Amino acid sequence: MTLRTRILVLISALVVLAGVATASVLHASARADRKNQTQPGGPRITAGTVALATGSGSHMIFRNMAWGPHRDELTTVPASNPSGPRTASKVKCLRFYAAAGTGVCLQSVHGPVQDTYRAVILDTRLRETARYDVPGIPSRARVSPSGRYAAWTAFVGGDSYAGTNFSTRAALVDTRTGQLTPSLEAFRVVKDGRTYHAADVNFWGVTFAADDRTFYATLATKGTTYLVRGDLRARTLTTLHSNVECPSLSPDGTRVAYKKRVPGLSKDAPWHLYVLDLRTMRETPLAEPRSVDDQVVWRDDRTIVYALPGDYGADLYTVPSDGTGKPRRISTAAVSPAYVN
Amino acid sequence: MLALGAVSLITDVSSEMVTAVLPLYLVTGLGLSPLGFGLLDGIYNGFSALVRLIGGHLADRGGGRHKWVAGFGYALSAACKPLLLLAHTLTPIGLILAADRTGKGLRTAPRDALISLSSTPETRGRAFGVHRAMDTAGALFGPLVAFLILRATVDGYDAVFTVSFCVAVVGVLVLVLFVPNSVNGARTKPDPDGARTKSGPDDARTKSAPDGTRTKSAPDGARSPATGTAPQAISGDTAPRPTLRAALALLARPDLRRVTLCALLLGLATVSDSFVYLLLQRRLGVPDRWFALLPLGTAAAFLLLAVPLGRLADRVGRWRVFLAGHGALLLAYALLLTSWHGTALPYAVLLLHGCFYAATDGVLMAVASESVPEELRSSGLALVQTGQALARFVCSLGFGAAWTAWGDRTALTASTVALALCALFALTLRRPAPSAPSEGLA
């Protein structure tokens, strides 16, 4: 081949490839436009005022995932009619939780080079009171029942070539003093009665008790996950039970609902929901047969609410906490629910 | 040479595009939990070392098929990109990434062999420097392109993968169309290695004229027949046939053994990048927001210094620059250990870290090239690379354990001492070398 032919071959290939590349980008950005169009048959959403304490009965606040102008905004519905018309707030969150008038909203910030993430503390009227950097893709968010403490988890990715080393980072903040614990790794881990050290320790899925001192979380090390009980004053974490991920403490503080890795399931969806009685340490499988990858929410002492993948990202389901009954879908295109009064 | 640099640049744009968005894609795009994904990493590191050796060996067989083995590696990685569009669960994604890295493992040694074979010994440091600079430029540019695409779209991961594929195909095309085949490339040089071994260490210095006028003046016709009298680079051995045994027998050569041993020892004391960034963050309290930018600092310094340091290596001696690079790393460790917390510290550490790469990465290949006959160039380079990679892997395991047991500071102090000792050892090891007839490096 002469140089001329080779250059011609390269140029024609460049034209074709540039065409394919451009088409794929255009196709994906057209999808962006579609997603901003309200879907027919989707939930009715109107802009309005959303507050963390309505005084008008129990409400569910969540991230609305239905396509249209209010996609990804915090929206609210009456707890008694979760599939009814939604009121949208203009506040966009990837993950959200709220309790006693304090909200935590994990957001992405579009930067010039890449997206960064932050955790924003919201007051009763969803106004920002504080913000913190989040070091990776946000995954779990919680607020203590008193509204004083907030916690979140992020995936921190590797940066080497085709880096596949991921770790999680769980952060805690005292919203009253603003004091941030960027990683639970700062706490002392007590495993089998002894202080435990390992470089591969990961934490995720914090859930708070009502005393503003106790919390629970997942600790992973050497391929095993553990339920740990944390002490905010002593700054310790004590292992309680193995094979527990994303614990969620019941309102009465006696049980933990969590996802358990069950042998025999696919590697991508290996979890079933269980409830652990903290006094007897007895596990009860819940009636949801599908694999759930979520930190569940207790609607009350008898009812669990959680998200499963749906047509528009995720749908919300409910199931009794005692292992009886059947799962029931309560809302489509919704994720990260929190119940407020 | 520039064509090969362009191939690397283009390919790195393509692969870093995917790397940059992969965590985001797994978590937000697919809703998968990427934890435990890293478990395969350790196993794969070992496999990848093996693949590298195989790539090197295959490239040497049949009289030098460097270009085609490298091309296969590039093509394999390119083919993985559209497959990512089809995979939606962890297992196939893990397999695709493994295939992608197999491609990278296969192509690395033949590519470096091509660089060394298509440059004269006097300008080899510069040639590798240019290549590494272009490679790094691609790595810096890739994430930028990926995030621009994500910005222009919503959930445009498919677009990122498609564009990445198109870019990778361009890389393969440039390789196929514009990189001269190694057989011609290798034999067109008028046996410079052989000539040089006799002239001794001063030769490098007399050839300080920039832009390697030698390369141009080399008469194309003056070549040795394929049976090869050219490869008498190292003393008077009989020309080795590129068999697997011959590849292993390379280690019997005192010169290459020394280079490999030094690379191995120094690798054992080279703390992996992610630990350096973690230490930097811990020492200085670098905000999480900036954490992801730390590798960019190293890459930028690497990019800027690769060519100047490569040229310096050609002038003052490659081995000297290679060791000085480890001196820069030693200095970076020392800075991390001091109690100085000035604002300039992260910049200084990252600059030294980038300097370390610029002075060692390509330069080591240039050093090793001189100790390996042309027939076994890929195998020889693969051997050195593999030794170094395995040593670094062992080091990161050991460093992790030391960190756990004694804390980060003690672990780093231990590595600093180890690095200093290894560097000293490497110095003494080379000291008596110039008297040896095969010595022509520094």
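Where a number appears in this text, it was derived from the coordinates with a stated rule and is not lab data. Small disclaimer: the values here were computed from a predicted structure and weren't measured. Cβ atoms come from the backbone with ideal geometry, glycine included; neighbour counts cover every protein chain shown.
In nm, to one decimal, how far is the A:Glu128 label point from the A:Gln37 one, both placed 7 Å along Cα→Cβ?
Using points 7 Å along Cα→Cβ, the separation is 3.3 nm.
Which one of A:Arg233, A:Arg290, A:Arg44 has the biggest mean-square fluctuation once chain A is modelled by GNM with Cα springs under 10 Å?
A:Arg233
Give, as a single signed number, the net charge of other residues whose beta carbon lies under 12 Å from the beta carbon of B:Val160, with Lys and Arg counted +1 and Asp and Glu -1. Don't skip to the answer; put the middle values down first.
Details: positive: B:Lys81, B:Arg151; negative: B:Glu16, B:Asp155, B:Asp158.
Combined, the nearby Lys, Arg, Asp and Glu give -1.
Among rounded, prolate and oblate, which fits the stretch A:248-341 when a ≥ b ≥ c are the square roots of the eigenvalues of its C-alpha gyration tensor, a/c under 1.5 means rounded, and a/b larger than b/c means prolate? Please list the in-between numbers first.
On the way: a/c = 1.91, a/b = 1.12, b/c = 1.70.
Oblate is the answer for the stretch A:248-341, as a/c is 1.5 or above yet b/c matches or exceeds a/b.
Could you give the size of the charge dipole of the protein assembly as shown about its Cα centre, using +1 on the Cβ of each K and R and -1 on the Cβ of each D and E, expressed in debye and rounded to the nearest 20? Mind showing how you got there, number by number?
Values: 81 positive and 55 negative charges, 69 e Å.
Charge dipole, the protein assembly as shown, about its Cα centre: 340 debye, nearest 20.
Within a Cβ distance under 13 Å of A:Thr195, other residues only, what is the Lys/Arg minus Asp/Glu net charge?
Numbers: positive: A:Arg188, A:Lys191, A:Arg194, A:Arg235; negative: A:Asp192.
Once positives and negatives cancel, what remains is +3.
Please list, in order, the residues from the stretch A:182-202 whose amide nitrogen is less than 12 Å from a point placed 7 Å along the Cα→Cβ vector of A:Ala234.
Hits in the stretch A:182-202 for A:Ala234 at 12 Å: A:188-191, A:193-195.
Along the charge dipole of the protein assembly as shown, Cβ charges K/R +1 and D/E -1, which of B:Ile93, A:Ala32, A:Leu172 sits furthest on the positive end?
B:Ile93
Counting every Cα pair in the protein assembly as shown, what percent are over 52 Å apart? Show your work: numbers first, answer last.
On the way: 65160 of 306153 pairs.
That tail contains 21 percent of the Cα-Cα pairs.
Taking chain A as a whole, which cysteines find no other cysteine Cβ under 4.7 angstrom from their Cβ?
Cysteines lacking a close Cβ partner in chain A: A:Cys246.
With just the Cα atoms defining each centre, how far is the stretch B:271-348 from the stretch B:60-90? Give it in Å.
Taking the Cα centre of each part, the stretch B:271-348 and the stretch B:60-90 sit 32 Å apart.
Please give the calculated 222 nm ellipticity per residue for chain A, where each DSSP H segment of at least 4 residues contributes -39500 (n - 2.57) and the sum is spread over every residue; nearest 500 deg cm²/dmol? Walk me through the intermediate numbers first.
Working: 1 runs with 33 residues, N = 341.
Roughly -3500 deg cm²/dmol at 222 nm, from the helical runs in chain A.
I'd like the distance between the alpha-carbon centres of the stretch A:119-142 and the stretch B:371-432, rounded to an integer number of Å.
For the stretch A:119-142 versus the stretch B:371-432, the Cα centre distance is 44 Å.
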